[in-house]
1. Could you check how many residues of region 51-95 are within 15 Å of ligand 1 (Cβ to nearest atom) and at positive phi?
2. On the basis of being within 16 Å of ligand 1 (Cβ to nearest atom) and part of a loop (DSSP other than H, G, I, E, B), does residue 199 make the cut?
3. Quick one: which of 232, 178 is over 22 Å from residue 129 (Cα atoms) and not in a loop (DSSP other than H, G, I, E, B)?
4. Could you check region 59-103 and list, in sequence order, the residues that are surrounded by 17 or more Cβ atoms within 10 Å (Cβ to Cβ) and modelled with pLDDT under 90?
5. Quick check on my filter: what residues within region 20-35 are modelled with pLDDT under 95 and either in a strand (DSSP E or B) or under 21 Å from residue 320 (Cα atoms) (or both)?
6. Quick one: in region 43-70, which of the residues that are within 14 Å of ligand 2 (Cβ to nearest atom), assigned to a loop (DSSP other than H, G, I, E, B) and in contact with a strand residue (DSSP E or B) (Cβ under 8 Å, 6 or more places away or on another chain) is nearest to residue 110 (Cα to Cα)?
7. Consider region 87-143. How many of its residues are within 16 Å of ligand 2 (Cβ to nearest atom) and touching a residue at least 12 places away in the same chain (Cβ under 8 Å)?
8. If I go through region 235-244 residue by residue, how many of them are within 11 Å of residue 53 (Cα to Cα) and either surrounded by fewer than 24 Cβ atoms within 10 Å (Cβ to Cβ) or within 13 Å of ligand 1 (Cβ to nearest atom) (or both)?
Ligand SMILES: Nc1ncnc2c1ncn2[C@@H]1O[C@H](COP(=O)(O)OP(=O)(O)OP(=O)(O)O)[C@@H](O)[C@H]1O
Ligand SMILES: [Mg+2]
């Protein structure tokens with residue numbers, strides 16, 4: 001991790017006493033057949049003004065549903081409890097109409113599936129204009145002008161021409177830039193980016209990460225960046241939350257997590273990155289996560305943990321220090 005990132009983390013910690021988002025005890029259950037899928041189990045998270053918080057974890061750990069829950073896009077088969085406080089308002093208590101004004105407005109999301117997030121039958125100009133009409137109340141001419149500004153901002157060459165393109169006429173990197181432009185259309189205060197670079201090749205990936213970093217710095221947009229790639233976390237984020245089986249098992253600044261991870265799962269993730277052949281980003285921790293329909297009473301990672309003891313099977317009380325938490329009784 002660069003010293004610049006470390007310095008930035010310190011600077012942010014000092015100035016961002018105010019949280020723009022506070023999630024407390026967030027629980028999300030899906031009904032499937034006769035079973036309950038415990039997708040989120042008491043998630044506590046804060047996002048400070050202007051910060052980039054990364055959420056990392058293996059596939060199925062609950063990263064996407066955390067992002068979707070903030071916008072209440074978790075679907076009708078789920079029940080949600082807890083609180084999601086955005087600038088003093090609990091989003092869980094809002095009715096659907098009020099919620100719609102937040103979605104894509106004050107809080108925007110770049111979804112995990114870049115190919116399906118754009119409608120193939122409309123030009124990108126039309127799709128950008130729709131967002132601008134909805135959230136910014138702009139007429140056609142003003143929407144086109146603003147679309148061109150947004151496309152310039154996200155580094156799309158010849159925006160006037162590109163407005164007339166259909167999604168299939170653009171490269172993957174360009175499509176992702178369009179999605180970022182759409183997310184930025186209403187100047188959101190929070191941008192949730194769900195694996196926005198996973199489908200892109202490495203060069204384009206770096207360009208998109210640089211763009212997001214630049215947006216964070218110039219617009220002061222706070223970001224929740226969801227990824228399974230710890231290399232990206234080190235490059236981009238100020239703080240990290242590590243998820244496992246629907247829980248946050250550890251959080252701290254990027255510097256703290258990379259230099260002194262406390263939870264054996266975080267340590268295993270970091271080790272798997274160091275051990276992985278170059279270019280390989282998949283986690284390779286022996287065993288697999290527990291089934292979310294029948295979770296153990298104690299630590300969910302115990303079955304895969306090299307340090308597990310008898311007492312790990314009892315309820316785990318998270319250990320907390322200022323801006324630092326780990327859910328392990330041993331650490
Ligand atoms: N609509 C749904 N109905 C039932 N279960 C769901 C639904 N959406 C998500 N889940 C379950 O919730 C859990 C968390 O899913 P989520 O998509 O958040 O994982 P993730 O951490 O984003 O994984 P990935 O890295 O693969 O994107 C998974 O077990 C998933 O199967
Ligand atoms: Mg996901």
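The values are calculated or read from the model by the stated rules, or taken from the named source; none is laboratory data. Here the structure is a predicted model, which is why all the values come from computation and not from measurement. Note that each Cβ is placed from the backbone with ideal geometry, even for glycine, and that neighbours are counted across all protein chains shown.
1. Summing the residues that are within 15 Å of ligand 1 (Cβ to nearest atom) and at positive phi in region 51-95 gives 5.
2. On the way: within 16 Å of ligand 1 (Cβ to nearest atom): yes; part of a loop (DSSP other than H, G, I, E, B): yes.
Yes; evaluated as a whole, the condition is true for this residue.
3. Working: 178 fails: over 22 Å from residue 129 (Cα atoms).
The match here is 232.
4. 74
5. Applying the first criterion (modelled with pLDDT under 95) to region 20-35 yields 31-35.
Matches in region 20-35: 31, 32, 35.
6. That would be 62.
7. Kept after step one, since they are within 16 Å of ligand 2 (Cβ to nearest atom), are these residues of region 87-143: 109-117.
This time we only want the ones that are touching a residue at least 12 places away in the same chain (Cβ under 8 Å), so: 109-112, 114-115, 117.
Residues in region 87-143 being within 16 Å of ligand 2 (Cβ to nearest atom) and touching a residue at least 12 places away in the same chain (Cβ under 8 Å): 7 in total.
8. First pass over region 235-244, keeping only residues within 11 Å of residue 53 (Cα to Cα): 236-242.
Restricting the remaining residues to those that are either surrounded by fewer than 24 Cβ atoms within 10 Å (Cβ to Cβ) or within 13 Å of ligand 1 (Cβ to nearest atom) (or both) gives 236, 241-242.
Final tally of qualifying residues: 3.
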